[in-house]
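Structure first, commentary second.
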Amino acid sequence: MGRKFFVGGNWKCNGTPEEVKKIVSMLNEAEVPSEEIVEVVVSPPFVYLSLVKSLLRSDFQVAAQNCWVRKGGAFTGEISAEMLVNLGIPWVILGHSERRLLLGETNELVADKVAYALSQGLKVIACVGETLEQRESGSTMEVVAAQTKAIAAQVSNWANVVLAYEPVWAIGTGKVATPAQAQEVHAELRQWLKENVGAEVAATTRIIYGGSVNGANCKDLAAQPDVDGFLVGGASLKAEFVDIIKSALVKKTA
């Protein structure tokens, strides 16, 4: 079957032009597995998208961190999917927990954004995940299934969708879901897709993990059968991002 390993680097709201150029130089010089083994996408802030795209090696791709829910117009501060397409940006991250929690994006809004971005030809990294309170109350799968259900209701073709499971309690906290915890949710998510969308979608859709992934823990996480890669935050700004990309080789030899 062979789901290709996927590593995304979410730079969030970080970087000066000089810092961004340093990160790109580091990535350009890195020795990593080929495109046949791992798909690498980096997501700088909007203001650096064109700069990064112009400098970054051709086997790495660029993603936006968000886009507007419909066609552009009188929406101050927003960026439309059409604008990203015109810039030659192939990917967008949607539904990240920081946008859900800090900006109040609902399951329905995220699903609408996913559907519109796909309709304009973008590929989507769609994020789902639970808070610490939800995990401790035992409602992890209920929350994640509801988020995924909203997206599934709007998506007819999953070929350009990567699902990112990011437990909110593990993002930027240094806490990481154990490999067993990550595998459990990923397996249940895949089962949900099988039962509610279809067996082929469940088998082919990549489900990646996000939440304090770093060079030290990536190999153990990558070894899990239903973990198809990572959405990396802080570590994607550092040299260890290269080690995380190389963890794709764990899958190749498994």
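The C-alpha radius of gyration of region 141-254, expressed as a fraction of 2.2 N^0.38 Å, stands at 1.05. Computed over region 58-144, the quotient of the alpha carbon radius of gyration and 2.2 N^0.38 Å is 1.20. Approximating the spin labels as points 7 Å out from Cα along Cα→Cβ, the K21-to-E136 distance works out to 4.7 nm. Restricting attention to region 60-188, the count of lysine pairs at 8 or more positions apart or across chains with alpha carbons under 21 Å apart stands at 5.
Sparsely packed loop sites in region 44-121 (the chymotrypsin sites (Phe, Trp or Tyr not before Pro) outside DSSP H, G, I, E and B with at most 15 other Cβ atoms within 10 Å) comprise F75. Computed over protein heavy atoms with a 1.4 Å probe, the accessible surface of the chain works out to 44 Å² per residue.
Both radii are taken from the alpha-carbon atoms of region 1-97; with Rh as the Kirkwood radius, Rg/Rh is 0.99. Around the amide H of I93, modelled in the peptide plane, lie the amide H atoms of A64, Q65, N66, I125, all under 5 Å away and 5 or more residues distant in sequence or on another chain. On alpha-carbon atoms, Rg over Rh for the chain using Kirkwood Rh? My calculation puts Rg/Rh at 0.93. The value obtained for region 1-53, namely the Cα convex hull volume divided by the number of residues, is 81 Å³ per residue. Volume of the convex hull of region 109-162 (Cα atoms only), normalised per residue: 69 Å³.
Protein heavy-atom surface of region 192-254, 1.4 angstrom probe: 49% of the accessible area is carbon and sulfur, with nucleic acids and ligands not counted.
The values are calculated or read from the model by the stated rules, or taken from the named source; none is laboratory data. Keep in mind that this is a model prediction, so the values were computed, not measured. Ideal geometry is used to build each Cβ from the backbone, glycine not excepted, and the neighbour counts take in all protein chains shown. Calculation scope for accessible area: heavy atoms of the full protein, side chains included, ligands and nucleic acids excluded. Shrake-Rupley method; radii C 1.70, N 1.55, O 1.52, S 1.80 Å.
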